[in-house]
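The values are calculated or read from the model by the stated rules, or taken from the named source; none is laboratory data. Keep in mind that what you see is a predicted model, and the values were worked out from it rather than measured. Reconstructed Cβ throughout: ideal geometry from the backbone, glycine too, with neighbour counts over all protein chains shown.
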Amino acid sequence: MTRRIQTVLGLACVLVLSAGASFAAEPDAKKLPNIKILATGGTIAGTAGASTQTVGYTSAVLAVDKLIAGVPEIKTIANVSGEQISQVGSENMTSEIWLKLAKRVNQLLASGEVDGIVITHGTDTLEETAYFLNLVTKSDKPVVVCGAMRPATAMSADGPMNIYNSVLIAGNPDAKGRGVLVAMNDVINNARDVTKTNTSTMDTFRAPELGFIGYIQDGKPYFYKESTRKHTTHSAFDIMSVSVLPRVDIVYGYANNSRAMFDSAVAAGAKGIVHAGVGNGSVFSELIPAMKDAVKKGVVVVRSSRVGNGLVARNGEVNDDEVGTIVADNLNPQKARVLLMLALTQTNDAKAIEKMYHDY
């Protein structure tokens, strides 16, 4: 065999092997997880006039198909389809959208059509939506909520990677049974503990008191712990037949407070009120009579804290037995409100509701 023939045969082998490697690298759609992306709007779907503009942009512009098209790499890790649930900045999130979203999540997970769900959402109220879903989703399949701190047009937009990582998690068997998760900035949080801690930085979503539950590195989620509180399949809340959630308001605590806002909430028809108290859920003296009056009218009053960390002690700074109030455990005011809204769909008994704060 001449050297020329050997060279030709060698090149032919290289081409065959290269073609085989390329063919082997093509993902088998039948073996990939089926992931549905439900879009609600937010900064992740926002646009601006310049690639350097990260404030003053317009949120909730891009439809879900545009978000998916912006991350072509997800085709290699999942069979992805999208659905638009709403198109709002999350400062305009409503309980009506929550119910629509939650019902669709449950329908999809029960149908067997999907292995997991990713929800794109604005960051302002992302933690509330995630916790709501954590309490009402009736499946152990992964549900992952993500958003972005920079609009899609920014030169360093974080949305595409957050979507990619969320799809990775939603299709990973290790994510099953962990409740609703939040995936942002390469870290994983559980819905109960996570909160937005900074107005604008990309590492804003944290669980300051209890920490992340995992990380995403090199295309794989790593989990280190899980919540001990009830969620998803262990939750007693069922919203499939609920059309309206009870009104619950938050009244903020501060120095030299008055009962005016508290009384206004009662007059407006609130079925429950969460007081974002100072320190250990402490209450300005003038509000104590207002709380007692509200309780006598059948309004459930919950004491939380504006501090954002730590347990609120029952009968600590306030004699809850005397006033008729209950405590929110370590839930921040906005999440204490979410739980109270759901609790009031089942009962208005204060003792039963307070137990829910320790269970969920």
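Worth a mention:
- Residues in the stretch 334-351 that are more than 21 Å from the chain's Cα centre (by Cα) and in a helix (DSSP H, G or I): ALA350, LYS351.
- Residues of the stretch 168-181 that turn out to be assigned to a loop (DSSP other than H, G, I, E, B) and either under 15 Å from the mean Cα position of the chain (by Cα) or over 22 Å from ALA29 (Cβ atoms) (or both), as a count: 4
- Flag if LYS30 is assigned to a loop (DSSP other than H, G, I, E, B) and not hydrophobic (A, V, I, L, M, F, W, C): yes
- Selected residue [out of contact with any helix residue (DSSP H, G or I) (no Cβ under 9 Å at 6 or more places or on another chain) and within 30 Å of MET291 (Cα to Cα)] from GLU209, GLU226: GLU209
- Filter pass, MET291 being within 14 Å of TYR131 (Cβ to Cβ), in a helix (DSSP H, G or I) and modelled with pLDDT of 95 or more: no
- Flag for ILE239 being among the hydrophobic types (A, V, I, L, M, F, W, C), closer than 29 Å to LEU342 by Cα and either out of contact with any strand residue (DSSP E or B) (no Cβ under 7 Å at 6 or more places or on another chain) or assigned to a loop (DSSP other than H, G, I, E, B) (or both): yes
Residues are listed down the side, and each one gets a yes or a no for (1) surrounded by 15 or more Cβ atoms within 10 Å (Cβ to Cβ); (2) modelled with pLDDT of 95 or more; (3) aliphatic (A, V, I, L, M); (4) more than 19 Å from CYS146 (Cα to Cα):
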| site | (1), (2), (3), (4) |
| --- | --- |
| GLY20 | no, no, no, yes |
| ALA24 | no, no, yes, yes |
| THR40 | yes, yes, no, no |
| SER59 | yes, yes, no, no |
| VAL71 | yes, yes, yes, no |
| SER81 | no, yes, no, no |
| SER86 | yes, yes, no, no |
| THR94 | no, yes, no, no |
| VAL114 | yes, yes, yes, no |
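- Any hit, the stretch 233-248, residues being more than 23 Å from the chain's Cα centre (by Cα) and either farther than 30 Å from ALA290 by Cα or not assigned by TED's automatic domain parsing to the domain that holds MET291 (or both): no
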